[in-house]
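What follows is a short report on a single structure.
Here, each number is a calculation from the coordinates, and none is a lab measurement. Keep in mind that what you see is a predicted model, and the values were worked out from it rather than measured. When we count neighbours, we look across all protein chains shown, and the Cβ atoms used for this are built from the backbone with ideal geometry, even at glycine.
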Amino acid sequence: MPALNVKDAEGRQLNLGALQGEPVLLNLWATWCAPCVKEMPLLDELAGDYEGRLRVVTVSQDMGDPAKVTAFFEQGGFAHLEPWLDPQAELGFALGDTLLPTTVLYDASGQEVWRVRGDFDWAGEEARSAIDAGLTD
């Protein structure tokens, strides 16, 4: 997992590299990306279902005013996701993947297990089976 810092609208930072020790599902998205917007409630539900076993981190690739991301989260009422920002899109370049949405599962040692490019049904059996398999590897 790239050891990059993302931040929230208040300036609080999260170093992604410091998340080693727990599996992470990292999702790159943007408010202007329709498939991304469609996935967010599913990712929030997934984060709740896997709480304590998997950390779901969503990182907005929106440039400009972070208030639009904050407003999106407030409107969505997400209970398990935090509005992390990457306004320079450094994370997409570090992953070598700028298609949105892009979601990567990392194991507890920070190694990529698999990657999904484009929207995905995170509530479906295929997603849950792939995550469960990735958590046991």
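Look at (1) assigned to a loop (DSSP other than H, G, I, E, B); (2) under 15 Å from Val104 (Cα atoms); (3) among the polar types (S, T, N, Q) and you find that Thr31 fails only one, number (2).
Residues in region 72-106 that are aromatic (Phe, Trp, Tyr), out of contact with any Ser or Thr (no Cβ under 7 Å at 6 or more places or on another chain) and farther than 13 Å from Pro2 by Cβ: Phe73, Phe78.
Filtered by the rule that a residue be more than 20 Å from Phe93 (Cα to Cα) and either more than 13 Å from the chain's Cα centre (by Cα) or among the hydrophobic types (A, V, I, L, M, F, W, C) (or both), region 1-34 gives Ala9, Glu10, Gly11, Arg12, Gln20, Gly21, Glu22, Ala34. The residue pairs whose first member lies in region 108-137 and is in contact (Cβ under 8 Å) with a residue 60 or more places away in the chain and buried (at least 17 other Cβ atoms within 10 Å of the Cβ), whose second member is assigned to a loop (DSSP other than H, G, I, E, B) and of a type in the set (Phe, Trp, Tyr), and whose beta carbons are closer than 8 Å, counting only pairs six or more residues apart or on different chains, are Ala127/Phe120; Ile131/Tyr50. Of all residues in region 50-101, those satisfying the criterion of being surrounded by 13 or more Cβ atoms within 10 Å (Cβ to Cβ), free of Cβ contacts under 8 Å to residues at least 60 places away in the same chain and assigned to a helix (DSSP H, G or I) are Lys68, Ala71, Phe72, Phe73, Gly76, Phe93.
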